[in-house]
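This report concerns only the one structure given below.
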Amino acid sequence: MSVLLGKATKVIVQGMGREGRFHAGRMREYGSKVVAGVGPGTGGTERDGIPMYDTVAAAVETTGANASLIFVPAPAAADAILEAIDADLDLVVCITEGIPVHDMLRVAAVLEGSRTTLIGPNCPGAITPGECKIGIMPGENFSPGPVGFVSRSGTLTYEIADGLTRAGLGQSTCLGIGGDPVIGLPTPDAVRLLNEDPATGAIVIVGEIGGSAEEGAAEYMRAHGKKPAVAFIAGRSAPPGKRMGHAGAIVSGSQGTAESKVKAFEAAGIPVANAPSEIPALEGRRARAHRARGGARRAGLVLDPQRRRRGHRHRDHAAGIAIGGTGRSSSKSELEGRNGFASPRHLSLWLVRAVTKSQTP
């Protein structure tokens, strides 16, 4: 099992209407263990071979489920989330769009005191490729591998995962966390899970305008990052004050701008792609620099962390890149890729070898 879900995950579906039944079927085809459906007044019946229960508690007690997928309409979705939290499930994924912010604030208050992890709402779900899918993403776009992936955008999740897969970069776990103003698993927390996951060797962070989650993720990686990472920010051309797509994708004043997020990632030494198609190549370059710095540390060529925190600049001679502050900023030539690789495909294949080697005892 990688992050949050794996082969042992047993899923119930709250809201077995048209969409719930369709995606429950696709999840079963993928190999996910969908053990029950939940809907008031449906207890004792079946839908598409899936046993139905009146409550989440009854479904969990009978099946041993530890995760839930929610398709309940927006007016009742918050109550469905709270019912799943009350049943002490490990993971809850809410697909529903349009839940009022006031309702989600109530959910957030309860979530703080629980052990449940909520992904969403207004999200595509999560997937550990080859093991378990909980959500609406097309499973064929994903493949098993070492790259962890967190995204606020649903469609960009599919597009970038497909690009990584085509480039030979499989994924450990992909988390589509949702784009609403109030969500259960903000970007910094999702990045932390991937950073601490032994099965993840590199991280892709896809953010968008609005809020300060990306800045928080950049600050976390600056202080605690163990894995090479790259980022992409959607909505760079959006005018200030106008909502673009997601409810959370709105720039207010100088906060939540694409520029502030790009600067935060670059300050943490995380390359930012100008287009989703650039991500596989950037991931390869970032992993190469990360691996070279590791060699320099083993050779004693990198200054101790205390001196770095005082802002001393030095040069990692093994990697050939200037480093300052936290020791993570790559030079312009490194980011532009003048490093001997003939193509993004070569970069991608190198990343797979580098990550695999780094995980070998």
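Per-structure values
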item: Over the range 7-122, relative contact order from alpha-carbon pairs under 8 Å, at least 6 apart, %; result: 22 percent
item: Tensor-based shape of the range 59-117 (alpha-carbon gyration tensor, a/c under 1.5 rounded, otherwise prolate or oblate); result: oblate
item: Surrounding net charge for Lys261, when Lys and Arg each add one and Asp and Glu each subtract one, Cβ distance under 14 Å; result: -2
item: Pairwise label distance in nanometres, Asp86 with Arg236, each label 7 Å out on the Cα-Cβ vector; result: 4.8 nm
item: Computed label-point distance, nm, for sites Val101 and Asp162 using a 7 Å Cα→Cβ extension; result: 3.3 nm
item: Inverse of mean 1/r across different Cα pairs in the range 87-128, Kirkwood, Å; result: 11.0 Å
item: Stretchable slack from Ala223 to Glu19, in nm (0.36 nm times residue separation minus alpha-carbon distance); result: 69.3 nm
item: Highest-first arrangement of 92-100, 44-52, where packing means the average Cβ count within 10 Å; result: 92-100, 44-52
item: Environment charge at Ile81 (Cβ cut-off 11 Å; Lys +1, Arg +1, Asp -1, Glu -1); result: -3
item: Thr42, Thr116 arranged by Cβ crowding within 10 Å, fewest neighbours leading; result: Thr42, Thr116
item: Which listed pairs, of Lys226/Lys261; Lys133/Lys227; Lys226/Lys263; Lys227/Lys261; Lys7/Lys261, have C-alpha distances above 31 Å, in listed order; result: Lys7/Lys261
item: Long-range Cα-Cα pairs in the range 7-122 (distance over 25 Å), rounded percent; result: 14 percent
item: Cβ-based net charge around Val182, under 14 Å, with every Lys or Arg adding one and every Asp or Glu removing one; result: -3
item: Protection proxy ranking, peptides 82-90, 157-165, 202-210, 101-109, average beta carbon neighbours within 10 Å, highest first; result: 202-210, 157-165, 82-90, 101-109
item: Full-stretch length increase - Val110, Ala8 - with 0.36 nm per residue and alpha-carbon distance subtracted; result: 34.1 nm
item: Peptide ranges 125-131, 138-144 listed from the most packed, as the mean C-beta count within 10 angstrom indicates; result: 125-131, 138-144
item: Gyration tensor (alpha-carbon) shape descriptor, the range 104-247, a/c threshold 1.5; result: rounded
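Here, each number is a calculation from the coordinates, and none is a lab measurement. Please read these numbers as outputs of a predicted model, since none were measured by experiment. Neighbour counts run over all protein chains shown; Cβ positions are idealised from the backbone, glycine included.
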